[in-house]
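Step one of this worksheet: look at the structure below.
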Amino acid sequence: MNKKSPHLANETRERLLRRVEAIQDAASVESSTGFAAQHNSSDSTDFSTLPGYEDLRVYRALGQKYGLENPYFRTHEGRAGAHTNIAGQSLLNFSSYDYLGLNGHPEIIAAAKEAVDRYGISASASRHVAGERPIHLALERALAEHYGVAESLVFVSGYATNLGVIGQLLGPKDLVICDSLSHNSIVMGGVLSGAARRSFPHNDLDSLDHMLASARGHFQRALIVVEGLYSMDGDYPDLPRLIEIKNRHNAWLMVDEAHALGVLGQRGYGTAEHFGVDPRQVDIWMGTLSKTLAGCGGYIAGSHELVEYLKLTAGVFVYSVAMPPVIAASALKALEILHREPERAAKLRHNGTVFRSWATESGLDTGNGAGTAICPVIVADSLPTVMLSQRLLERGINVQPVMHPAVPAKAARLRFFLTATHTDAEIATAIRTTVEELQNIRGKMRTLTAQA
Ligand SMILES: Cc1ncc(COP(=O)(O)O)c(C=O)c1O
């Protein structure tokens, strides 16, 4: 671990901070206007002249000056759930999407082994070319039943599901309108489609309604895309209101349940259960197998016509290899356990509630966090956020920082992901340590500012 002094020459620090501020300002202008700065490069084949490359160097230099390690790409030596091992150190872990603690469950491992024995690892080609495997069909049937809809379809990647499905369903005469905090895969799906794109302020459904009122008439089809649970803020949209809006404006509604499945609702069934809404009122349910279901891949659930159309036309399905059967078998078993053991979702809900209430009682800023499995702790500036993450690691707690451009420049944060297997004592330790270290870091930052 780098134990270098956090002090650096005032002049160097000022220069670096000015540079970081300039990057953040430019990025804010870029995101608010939609125009990127022009990059004049004398050598268009040099990868280091690509936009953003120099910024990476600046951030690295800043990290080195402050004795900070890169908080990303750390190597976990085994399974990462409520606990993990990094560099030989056993840590409390708050950076895993294994919400229900199913990764490594003995029944899932047994199902995976059975599938490997029967199918090998790879499906070796797309389902169009190489034909079906019963395990894919069984998983799709189970997901459709979970949502109470006609059919579902699974894809090898959650990211590619959004990209390829939104990209396929809409075209240049259409409109895609999504929440401003939408995941990159949703945004890029809109780009791929060639449709007109709009975004409404986070969870501001009045704005959505107004935007549709003025724009809907100009387009053939319209798709509203929201997430069931937002992974940066840990909050969720008002689903009944969304359904009312989409019906009134004759639009499709797509809900990405990547972080909602297993987390929201009495039994962890997701957003529809949370609101007591009939899931058939949503046109397109999307989700991932990579989080609660302890696998990898994405799914779409909805009407027969939707699934039939995607199965025959979406390039991301037609021209891509089928999900490895071992993953389908694992996800199917995980879904079965989610249904069979609702106490896991109940425990996770308890953890989300106590984390947020104890954190706010201790003076931490939990932003929009709604007391679910995702709880942000807002620090504001990037540098103290990375420092805090590092100090917590040194004290046995792994939690990742999130900074601009993933969140607004002055809203850098730590994101705590809770699982059903965290204990109250572990949550209390994490909060107490975070409060202590944040106070220390803020004190140090004040001293540095006074010295400058
Ligand atoms: C809301 C949302 N949608 C889609 C994805 C992509 O899923 P995957 O990581 O399984 O490809 C993510 C990933 O974290 C996500 O948060």
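Return yes when residue 278 is closer than 23 Å to residue 145 by Cα, surrounded by fewer than 18 Cβ atoms within 10 Å (Cβ to Cβ) and among the acidic types (Asp, Glu) and no when it is not. Yes; evaluated as a whole, the condition is true for this residue.
One line per residue, one yes/no per condition, for (1) out of contact with any strand residue (DSSP E or B) (no Cβ under 9 Å at 6 or more places or on another chain); (2) part of a loop (DSSP other than H, G, I, E, B):
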site: 54; (1), (2): yes, no
site: 69; (1), (2): yes, yes
site: 72; (1), (2): no, yes
site: 80; (1), (2): no, yes
site: 91; (1), (2): no, no
site: 99; (1), (2): no, yes
site: 107; (1), (2): yes, no
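Restricted to helices (runs of 4 or more DSSP H) entirely inside region 240-357, those with at least 1 residues that are over 16 Å from residue 225 (Cα atoms) and of a type in the set (D, E, K, R) are 271-275, 304-313, 325-340. Please determine whether any residue of region 415-427 is surrounded by fewer than 19 Cβ atoms within 10 Å (Cβ to Cβ) and among the hydroxyl-bearing types (Ser, Thr, Tyr). Looking for residues that are surrounded by fewer than 19 Cβ atoms within 10 Å (Cβ to Cβ) and among the hydroxyl-bearing types (Ser, Thr, Tyr), one finds at least one in region 415-427, hence yes. If you go through region 194-234 and pick out every residue that is within 16 Å of the ligand (Cβ to nearest atom) and either outside the structural domain of residue 248 (by TED's automatic domain parsing) or out of contact with any Lys or Arg (no Cβ under 6 Å at 6 or more places or on another chain) (or both), you end up with 14. For region 237-251, residues that are in contact with a strand residue (DSSP E or B) (Cβ under 8 Å, 6 or more places away or on another chain) and of a type outside the set (Lys, Arg) total 8. One residue stands out in region 217-234 among those that are small (Gly, Ala, Ser) and outside any loop (DSSP other than H, G, I, E, B): the one that is farthest from residue 193 (Cα to Cα), namely 217. Here 295, 270, 287 are screened, and the one residue that is more than 16 Å from residue 160 (Cβ to Cβ) and not assigned by TED's automatic domain parsing to the domain that holds residue 421 is 270. Of all residues in region 397-413, one or more are over 19 Å from the mean Cα position of the chain (by Cα) and modelled with pLDDT of 95 or more. Is there a residue being hydrophobic (A, V, I, L, M, F, W, C) and in contact with a Phe, Trp or Tyr (Cβ under 7 Å, 6 or more places away or on another chain) anywhere in region 178-194? Taking every residue of region 178-194 in turn, at least one turns out to be hydrophobic (A, V, I, L, M, F, W, C) and in contact with a Phe, Trp or Tyr (Cβ under 7 Å, 6 or more places away or on another chain). Among residues of region 82-96 that are closer than 23 Å to residue 376 by Cα, those with a beta-carbon under 7 Å from a residue that is buried (at least 19 other Cβ atoms within 10 Å of the Cβ) and hydroxyl-bearing (Ser, Thr, Tyr) at least six positions away or on a different chain give the pairs 82/419; 82/421; 91/84; 93/84; 96/419. On the given criteria, is residue 141 over 28 Å from residue 251 (Cα atoms) and of a type in the set (Lys, Arg)? Taking the combined requirement at face value, the residue does not satisfy it. So, residue 191, is that one modelled with pLDDT of 95 or more, surrounded by fewer than 16 Cβ atoms within 10 Å (Cβ to Cβ), within 16 Å of the ligand (Cβ to nearest atom) and in a helix (DSSP H, G or I) or not? So residue 191 passes the test.
The values are calculated or read from the model by the stated rules, or taken from the named source; none is laboratory data. Keep in mind that what you see is a predicted model, and the values were worked out from it rather than measured. Because the Cβ atoms are built from the backbone with ideal geometry, glycine has one as well, and the counts that use them run over all protein chains shown.
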